[in-house]
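One structure below.
The values are calculated or read from the model by the stated rules, or taken from the named source; none is laboratory data. Bear in mind that the values here come from a model prediction, so they are computed numbers and not experimental data. Please note: Cβ atoms are built from the backbone with ideal geometry, for glycine as well, and neighbour counts cover all protein chains shown. The area values use the complete protein model at the heavy-atom level, side chains included, leaving out ligands, DNA and RNA. Shrake-Rupley method; radii C 1.70, N 1.55, O 1.52, S 1.80 Å.
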Amino acid sequence: MTSTRLFGRESQVDRVREAIEHIEERGAALIVRGEAGTGKTALLAEASAVATARGVRVLTIAGVESETRLPFAALQSLLHPVRSAFDRLPEPRRQALRVAFGMSDAAAPDPFLVAWATLNLLAEIAATTPVLVVVEDTHWIDRSSADVLAFVARRLDAEPVVMLAAVREESPSRLDGVGLPEVVLGPLTDDAATALLTACAPDLSREARRRLLKVAAGNPLALLELASLAPEHSRDLDRLPLTARLERAFASRLSDLPTHTRTLLLVVALNDGDTLAESFAAAALIIGEPVEAGALTPAIGARLLSVNGPGVRFRHPLMRSAVYQASGAADRRRAHAALADVLGESDDRAVWHRAAAASGPEETLAERLDARALRARRRGDVVAAVAALERGAELSQDRRRRAERLLTAAALAVELGRRDIVARLLAEAEPLALSPQQKARAAWIRGDFDDGMREDRVGAHALASLAEQVAAGGDVDLAVRILWSGALRCFWSEPGSQARRRVVEVAESLPVDAADPRLLAILGYAAPIERGARVIAGLRLLADQAGTDPESTRLVGSASVLVGTLDLGLGFSAAALDGLRAEGRLQLLTRALVAQASSAAHLGYLRVAGPAAAEAVQLATETSQPYLYGMARAIEAQVAALRGEEERAYSLAGEAERVGLPVGARPVLATVQIARGLAALGAGRYAEAYDQLRRVHDPADPAYQLALRCHTLADLAEAASHSGQEVSMRGIVAEMEEAALLTPSPSLHIGLRHARAVLADGVRAESLHVASLAADLSHHPLARARAQLAYGRWLRRHHRVADSRPPLRAARDIFDTLGALPWGERARQELRASGESGEPRVREASDRLTPQELQIALLVAEGLTNKEISQRLYVSHRTIGTHLYRIFPKLGITSRSEVRAALSRPDGTPDAVT
């Protein structure tokens, strides 16, 4: 029989029931969305009952308003029943959970490592018994726990785990932006509302029924609760918003309760623990005498509370809110102070209650909040640290210390991506007579969002001056961090030569080691040509140390792309990945993947570039890095263009452009133009290709990028030589020849040698082609194949047909191996024109795989187990098994032992057929 709380919800119940009934086949995460009182809790209770009946383990957590500032409070409550399973996790993940839950004082883990550990834990438990995760009141889940739940929710497809999360329509939640499917609970239909009211209040008069149906507006909770409201409390309810009507209805029940019960109710509403003994003890302190065990019975009788095992809970969050709103500020402060006394000074919760009880500045309490913030930071909970520092600032007696706390909180809030919080904290700090160093920090913090792309008030030149000032004050580490922000602006935007020189000047004046990866990265970003020689020399010295420090290795990997040592960039980035994955540092991992994908795409290693860019797209979304998302999408477009997937290339390029254009993100826009130019070049539309690529070299164009233009010379010269743009192209070559005098950039010099050869007239051309091929191209397969194709074409056109065939065959074979299909077909055309018949390219079996499937297949080919692959890709080993189930038929194999061979052979199906 349908519960009275579920009248009119048949379709929603069916949808939730279906997810649970198929839990062993596939996992799912669903948002249950609706306004307060629409039956979310009832639907989740129905789901829990269905799951329990089917032998599914149910883990439940309900957000509590007073716990929103407690780091990982909700997650700890959720996983408490399965804490014995922590030992099943590998040490780094087990330790991450222990630190997050305050069970260890080790260094703070990256929040994503906590999320990864949680997913692993649920997968381990669900391997023997499927799991239903029920999350109520997600808008009151602490930020750290909510981020973990969002991470997990995205990765449940292949797990026997279903997550149901209730989201109140009018209260945003971290799960809102995940893109999960939703079960929406709107107002009941008139028929369903009438049936519900009849079932719960059959004796109402016709007029009372009509009025209640109008006031409740289809809200089930309103129908249930307002039907029991005394007439003297129901006047004017239809003039209030529905939530206020319900709160007033609940508050009306308080006046009839005994004084001890009302006091105890307020303490229960404010207590962030689940132990009734704490609430009784605190209430006794307020009243001045012991509180009897039956003091809550009247509240239960008034249907404000319900028994929940050994404790109690408010029957609806609005009831807790009603108790809070009905009390005075002085009463609330007394209740907080009593709770702090009961908890004792060693309990972190006591600090929050003591702070809530304070009515004026208390420096001692502010210092305790500083310590609380430090502990939260150690546990990886930046949200709680910011909240503690902000409250500490409010309690500060000294203006200087208040400013310091606000600035520290603002710097941490940058990590959260909360521009609104940063702006508010800085606005509070700036009138406090900041010291010069504090002013420098404030300016740096303000411009530290999205690598400074959204903040144009503090440019590279100003940041360099601030760094110089801070270094003079003795804080070299902060100076380097500020200067790195300035260098990033030189990458994402074009600040001009004066600003670039200023960044370099300050960088080279800092007392840091000449081979410091941070210094090399700053110089590579700010002056990739003028300081290219110095940076490249430093990179080569660091190559043997790659991977020892993942963060530093990631930095020099990105710098390598800009100074043109793409092979080093590929190596550094790959070396950084494992360490960053192990530490759960997904933001930095995203950057390393983008550098790896960019290096691999320019070199022609499309099997590396495609999966790396695809993973970067996913991680950039999860870590809220929109411009890295744009870069990754643009690199995907570049890979698609090289593979001859023209339509996909243009689609991805358009998506990336929509990210980069509004803010003028030059690397994104430059890579978009490179992708479009390659797509046109591959299709033989040379004039279009030239127009697209030319933009990367035009300082007036938003796609101009000082470093990335150095990777385009071969493409641009090819387009120019086939479209009558040789004269225009020679001007670009002359400019780049001057740049080549300043830097030994391999990418630039390889491009120049190719451009000289294809643009040359007469007898000089052959010697230039030979010179192009004589260079060391062992780590540049795409450049080598293109040089061979260009030379072979030149030989055939000069009637040296026999001589043309060897370089053309070599070019064809390399293009086929790389998957650069348009260029491979062009080599075949040249061979046919030389009189050599040839078969069409035989499609590689791996061409059938998606980027993620290819990534998994390549890892299997290396000999990694499903569990090892899952650890690299932040999914469960069951998810890897699901992917392999789809991969094997595409490769025409039946076991993982065959994967390596399958990836190295064609499948025998000509392109023309597929």
Taking ASP761, is it outside any helix (DSSP H, G or I) and not hydroxyl-bearing (Ser, Thr, Tyr)? yes
In segment 830-842, is there at least one residue being touching a strand residue (DSSP E or B) at 6+ places or on another chain (Cβ under 8 Å) and crowded, with 19+ Cβ neighbours inside 10 Å? yes
Just to check your reading of the model, which residue among ALA127, ALA117 is open to solvent by 10 Å² or more (accessible area, probe 1.4 Å), among the small types (Gly, Ala, Ser) and touching a residue at least 12 places away in the same chain (Cβ under 8 Å)? ALA127
Confirm whether ALA771 is open to solvent by 30 Å² or more (accessible area, probe 1.4 Å) and either part of a helix (DSSP H, G or I) or over 24 Å from PRO746 (Cα atoms) (or both). yes
So, in segment 261-277, exactly how many residues are part of a helix (DSSP H, G or I) and buried (at least 20 other Cβ atoms within 10 Å of the Cβ)? 10
With respect to ARG26, is the statement that it is open to solvent by 50 Å² or more (accessible area, probe 1.4 Å), modelled with pLDDT under 90 and closer than 24 Å to PHE314 by Cβ true? no
Would you mind finding the one in ARG658, ARG666, ARG648 that is surrounded by fewer than 17 Cβ atoms within 10 Å (Cβ to Cβ), farther than 23 Å from LEU782 by Cβ and not aromatic (Phe, Trp, Tyr)? ARG658
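Listed here are the residues, each with its yes/no results for (1) farther than 28 Å from GLU836 by Cβ; (2) open to solvent by less than 20 Å² (accessible area, probe 1.4 Å); (3) over 43 Å from the mean Cα position of the chain (by Cα).
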site: ALA720; (1), (2), (3): yes, yes, no
site: GLY762; (1), (2), (3): no, no, yes
site: LEU782; (1), (2), (3): no, yes, no
site: PRO806; (1), (2), (3): no, no, yes
Tabulated pairs, segment 754-769, first closer than 18 Å to GLY724 by Cβ, second charged (D, E, K, R) and surrounded by 12 or more Cβ atoms within 10 Å (Cβ to Cβ), C-beta under 7 angstrom, 6+ apart or interchain: VAL758/GLU718; LEU759/GLU726; LEU759/ARG730
Does segment 95-103 contain at least one residue that is open to solvent by 20 Å² or more (accessible area, probe 1.4 Å), within 25 Å of ARG872 (Cβ to Cβ), among the aliphatic types (A, V, I, L, M) and not in a helix (DSSP H, G or I)? no
Using beta carbons and a limit of 8 Å, which pairs, at least six apart or on different chains, have the first residue in segment 454-477 and under 28 Å from ASP420 (Cβ atoms) and part of a helix (DSSP H, G or I) and the second one modelled with pLDDT of 85 or more and of a type in the set (S, T, N, Q)? HIS461/GLN498; LEU463/SER485
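For segment 316-371, how many residues are of a type in the set (Ser, Thr, Tyr), in a helix (DSSP H, G or I) and over 23 Å from ALA403 (Cβ atoms)?
2
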Scanning for something within 17 Å of LEU78 (Cα to Cα) and in contact with a Ser or Thr (Cβ under 7 Å, 6 or more places away or on another chain), does segment 177-186 turn up at least one residue? no
Output yes when any residue across segment 844-866 is more than 27 Å from GLU636 (Cβ to Cβ) and among the basic types (Lys, Arg), and no when none is. no
Just the residues that are aliphatic (A, V, I, L, M), closer than 11 Å to LEU223 by Cβ and surrounded by fewer than 18 Cβ atoms within 10 Å (Cβ to Cβ), please, taken from segment 193-212. ALA195, ALA199, ALA201, LEU204
Quick test for you: out of SER48, SER77, SER11, pick the one residue that is under 25 Å from GLU182 (Cα atoms), touching a residue at least 12 places away in the same chain (Cβ under 8 Å) and open to solvent by 50 Å² or more (accessible area, probe 1.4 Å). SER77
Is it the case that GLY218 is modelled with pLDDT of 75 or more and part of a loop (DSSP other than H, G, I, E, B)? yes
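Could you please find all residues in segment 372-381 being within 20 Å of ALA403 (Cβ to Cβ), open to solvent by less than 10 Å² (accessible area, probe 1.4 Å) and among the aliphatic types (A, V, I, L, M)? Quick ask: steps written out before the conclusion?
If we filter segment 372-381 for residues that are within 20 Å of ALA403 (Cβ to Cβ), which is where we start, we get 372-374, 377.
Adding the requirement that they be open to solvent by less than 10 Å² (accessible area, probe 1.4 Å) leaves 372-373.
Correct list: ALA373 only.
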Exactly one of VAL16, VAL82, VAL50 is at pLDDT 90 or above, within 30 Å of ALA373 (Cβ to Cβ) and either touching a helix residue (DSSP H, G or I) at 6+ places or on another chain (Cβ under 6 Å) or in a loop (DSSP other than H, G, I, E, B) (or both), and that residue is VAL82
Where LEU365 falls short, out of the listed (1) touching a residue at least 12 places away in the same chain (Cβ under 8 Å); (2) within 31 Å of the chain's Cα centre (by Cα): (2)
Scanning segment 29-43 for residues that are open to solvent by 10 Å² or more (accessible area, probe 1.4 Å), within 24 Å of LEU122 (Cβ to Cβ) and either without any contact (Cβ under 8 Å) to a residue 60 or more places away in the chain or over 29 Å from the mean Cα position of the chain (by Cα) (or both) gives THR41
Which of the following residues is open to solvent by less than 40 Å² (accessible area, probe 1.4 Å) and either among the polar types (S, T, N, Q) or in contact (Cβ under 8 Å) with a residue 24 or more places away in the chain (or both): ALA107, ALA19? ALA19
Within segment 736-758, count every residue that is open to solvent by less than 10 Å² (accessible area, probe 1.4 Å), not β-branched (Val, Ile, Thr) and not in a helix (DSSP H, G or I). 1
I'm trying to understand the selection: among the residues of segment 157-206, which are assigned to a helix (DSSP H, G or I), within 30 Å of THR129 (Cα to Cα) and hydroxyl-bearing (Ser, Thr, Tyr)? none
How about segment 173-188: which of its residues are in contact with a helix residue (DSSP H, G or I) (Cβ under 7 Å, 6 or more places away or on another chain) and either open to solvent by 20 Å² or more (accessible area, probe 1.4 Å) or hydroxyl-bearing (Ser, Thr, Tyr) (or both)? SER173, ARG174, VAL178, LEU180
